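Peer 1: Just passing along the structure, written as structure tokens.
Read-outs throughout are calculated quantities, based only on the coordinates presented, and are distinct from any laboratory measurement. Worth saying up front: this structure is predicted, and the values here are computed from it rather than measured. Cβ placement follows ideal geometry from the backbone for every residue including glycine, while neighbour counts extend to all protein chains displayed.
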């Protein structure tokens, strides 16, 4: 589960000017990196405003597991609470696997696993546009010929080899808000060999910008057996709360309804 988040483009607007005409050399890699970092810091300021405080939202996910002797289609709904952009609690409200409804006990088991991960500070992406994690990344401007006007693309990379860091491209709009992120994690869970993630950030109502969509695709193997996992998640009903407890009270009341 996640978060998270959110998912725009950028044309590398740097003309290689003639030294003889303007007395300027081509932009050097260190200068380019500094320009990219400056833009990321501006994006981080916007992001900090967007994620401030306690925010809760509902998620609807469609997942598919494809493997020999194991093919599952899973639909699930959940309520996630985050504090300053970091997920702290999840309440599972429904899960249907191959048409079979999960019991409340099964939902609680999944909740407990996810919440334990959150408590350990795991289970979420340490985003390169979050000021708390910028230091773990390097940045460079990225050409993006198919990007919309006013969008900017920045490539990021991290030397930290864990599941919470990765490499990819982020897209900023003219206001320096993150709109899309495409990345590959630097490490995977056991038996996973490759994967990719797409985060989308949009206006989500109540004057907020949040992680509206998440797409994941992972492939793996156990010996000669190969399989894949694909998930498409949509987030909605974003709202700010005075506290985590207030958000959870509402979520658990909704979950207990027949």
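Peer 1: Calculated from DSSP H runs of 4 or more alone, at -39500 (n - 2.57) each and per residue, what is the 222 nm mean residue ellipticity of the chain, nearest 500?
Peer 2: Calculated at 222 nm, the ellipticity per residue is -7000 deg cm²/dmol.
Peer 1: Next up: In nm, give the distance between the simple-model label positions of residue 160 and residue 208, each being 7 Å from the Cα along the Cα-to-Cβ direction.
Peer 2: 2.5
Peer 1: Going by a ≥ b ≥ c, the root eigenvalues of the Cα gyration tensor, does region 35-88 fall in the rounded group (a/c under 1.5), the prolate group (a/b larger than b/c) or the oblate group?
Peer 2: oblate
Peer 1: Take every Cα pair under 8 Å in region 130-258 that's 6+ residues apart, average their separations, divide by the length, and report that relative contact order as a whole percent.
Peer 2: For region 130-258, the relative contact order is 13 percent.
Peer 1: Would you indicate which of (i) -0.28, -1.00, -1.24; (ii) -0.29, -0.92, -1.11; (iii) -0.24, -0.95, -1.24 is the value of log10 I(q)/I(0) by the Debye sum over Cα atoms at q = 0.07, 0.14, 0.16 Å⁻¹ derived from the coordinates of this structure?
Peer 2: Comparing each candidate, only (i) matches the computed number.
Peer 1: For a distance above 15 Å, tell me the whole-number percent of Cα pairs in region 92-152 that qualify.
Peer 2: 71
Peer 1: Still on this structure: What nm value, rounded to one decimal, do you get for the distance between residue 66 and residue 41 when each label is placed 7 Å out toward the C-beta?
Peer 2: It works out to 4.6 nm between the two label points.
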